[in-house]
Amino acid sequence: MNEIILLDSETVDKIAAGEVVEKPVNAVKELIENSIDSGATIISVEIKNGGIDLIRVTDNGSGIPTDQVKSAFLRHATSKLSSIKDLESLHSLGFRGEALSSISAVSKTELITKTGNELLGTRAVVEGGKLCVFENIGVPEGTTVIVSQLFYNTPARKKFLKSASGEAAAVEDLVEKIALSHPGISFSFTANSKVRFSTPGNGILKDTIYKLMGREVYSRLLDVELTDPVITIRGCIARPEYNLATREGEIFFVNDRFIGSKELSYALEQGFKNFLMQHRFPFGVLFIDIDPKLIDVNVHPRKSEIKFFDVACVCELVTKAVNDALREPELIPVATIGGTGPSADNGEPAPISQVSIDSNSSIAATQQGLEENVITEDFFGTNAAAEDKPVHIEPFETSKTDLIHTDKPLNIKSDIPRYEQSDMFEDRLIDDKPLKEYTILGQVFDTYWLISQGDNLFLMDQHAAHEKINYE
Ligand code: ADP
Ligand code: MG
């Protein structure tokens, strides 16, 4: 048996580094989180050869004061935690003071940084945990960390890496997820000198989705919004005609942390039930904000899993939020005629805890995020939401008491559970002949055409019509 010896600090650091940085993507995550914590509004990420040759993260955040740069590289050095009590209330992303020390123990790391109050910035180079360069330098405010030759001194770890392209894909996926969860920060990502994407950083999730995923999905996004005393579900889903062969478009953030969860995926898919074919998967980016007391967050920074104490309830709400968003366009006419949903009383949506979770009930239907679209009796009168969206429908006489006048009664009942598609055309394929029999009277909500034909009045969903044309 060998003698028991104390490991030297370099070896200890290398072992510890392996726990934090197993792959390039781990290092990138730590560096981006540091940039976010520093209050940056612009973060650029560059990698070469999957991050193995180079990782560069630049931010316009607070920077590190010169006299603190050396300690930033020490293990368990952090500016974010002064005692263990803080752990519970901490909001910043990294909090163990291990990232810079771990990364610099297994690579050649260069840190260039400047704060707003200092005239000169600092440049420090640490190789395999040893400080090699420390100097003042004129640089703009913010921080750049350049990590080159990752795992150059731990060949065993290097051997376990996937191909460079596999590592690059993992990094790109990570930056994409972080960008989605921070629409207020402008991210750019460059791999092997090619700009892969950049996000606007204007705080608008849909615009971020547009830049990351393209127009196809952007043009079909629907808002999801559900508020309950202990949970908020917000984000976007794509209309069902945009669907995928895999679950890669099912993206969840719980309290802004990216979470992979079979349960949440299933809940999202349940919301799309009857809207999607089998083996097709929806697109959705959902933010679930929940009282931290109701989840068990594993504090290990590499884990993307959490436990909900009442997962069934969370899933039910996710399904409902999604289902409501999908049904919203259909519900507009139902709300018009009845005019008696809870929103008609005070214009406020009822809290979810007061209504049953039943996606078919009109209460459930009208209490959710519909303020703008719910049409109450005074729709053509003084309703502020209506004034925002002027509607021009000349052939109709409108007043408070008689909403719509036509010669024939419209014969619409408020308790019709769902609208049915009417057959406007006998021919199943589009033919422009019957067009002459129809008159487009106007458009409401930027979505529906009002069309008359003889004694009939039709409401046509412009987007659905467009789909039909595309289809044929
Ligand atoms: P932690 O983030 O857990 O505090 P790190 O090793 O990641 O530990 O960073 C150590 C310290 O260095 C941080 O607490 C912070 O004060 C400083 N730091 C690191 N990166 C940045 C950055 N991009 N901008 C400003 N300060 C930074
Ligand atoms: Mg950190």
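The values are calculated or read from the model by the stated rules, or taken from the named source; none is laboratory data. Predicted, not measured: the structure shown is a model, and the values here were computed from it. Cβ: placed from backbone, ideal geometry, glycine included. Neighbour counts: every protein chain shown. Just the protein is used for accessible areas: all its heavy atoms, side chains included, with ligands, DNA and RNA removed. Shrake-Rupley method; radii C 1.70, N 1.55, O 1.52, S 1.80 Å.
A few remarks follow.
- Among the residues making up segment 138-173, those that are of a type in the set (V, I, T), buried (at least 20 other Cβ atoms within 10 Å of the Cβ) and more than 17 Å from V21 (Cα to Cα) are T143, T144.
- Residue ID - nearest to S102 (Cα to Cα), chosen from residues in segment 263-307 that are open to solvent by less than 70 Å² (accessible area, probe 1.4 Å) and modelled with pLDDT under 80: P301
- Search result, residues across segment 183-212 that are open to solvent by 40 Å² or more (accessible area, probe 1.4 Å), in a loop (DSSP other than H, G, I, E, B) and more than 30 Å from H463 (Cβ to Cβ): N192, S193
- Search result, residues across segment 58-107 that are more than 15 Å from ligand 2 (Cβ to nearest atom), in a helix (DSSP H, G or I) and modelled with pLDDT under 90: E88, S89
- Residues satisfying the stated conditions in segment 108-139, i.e. assigned to a loop (DSSP other than H, G, I, E, B) and without any contact (Cβ under 8 Å) to a residue 60 or more places away in the chain: T115, G116, N117, E118, L119, L120, G138, V139
- From the list E141, E118, E167, the one residue that fits, being in contact with a Pro (Cβ under 8 Å, 6 or more places away or on another chain), within 14 Å of ligand 1 (Cβ to nearest atom) and more than 22 Å from E10 (Cβ to Cβ), is E118.
- Flag if G50 is within 12 Å of ligand 1 (Cβ to nearest atom) and at pLDDT 95 or above: no
- Failed item in (1) of a type in the set (D, E, K, R); (2) part of a helix (DSSP H, G or I); (3) at pLDDT 95 or above, with R157 passing the rest: (3)
- Condition check for G129: among the small types (G, A, S), within 16 Å of ligand 1 (Cβ to nearest atom) and out of contact with any helix residue (DSSP H, G or I) (no Cβ under 6 Å at 6 or more places or on another chain): no
- So K177, is it more than 29 Å from S107 (Cα to Cα), in contact with a strand residue (DSSP E or B) (Cβ under 8 Å, 6 or more places away or on another chain) and of a type in the set (D, E, K, R): no
- Inter-residue pairs, beta-carbon under 7 Å, first in contact (Cβ under 8 Å) with a residue 40 or more places away in the chain and in segment 23-44, second near ligand 1 (Cβ under 7 Å from one of its atoms) and of a type in the set (D, E), 6+ apart: S35/D59; S38/D59; A40/D59; I42/D59; I43/D59
- Being on the phi < 0 side of the Ramachandran plot and within 16 Å of ligand 2 (Cβ to nearest atom) is not true of T154.
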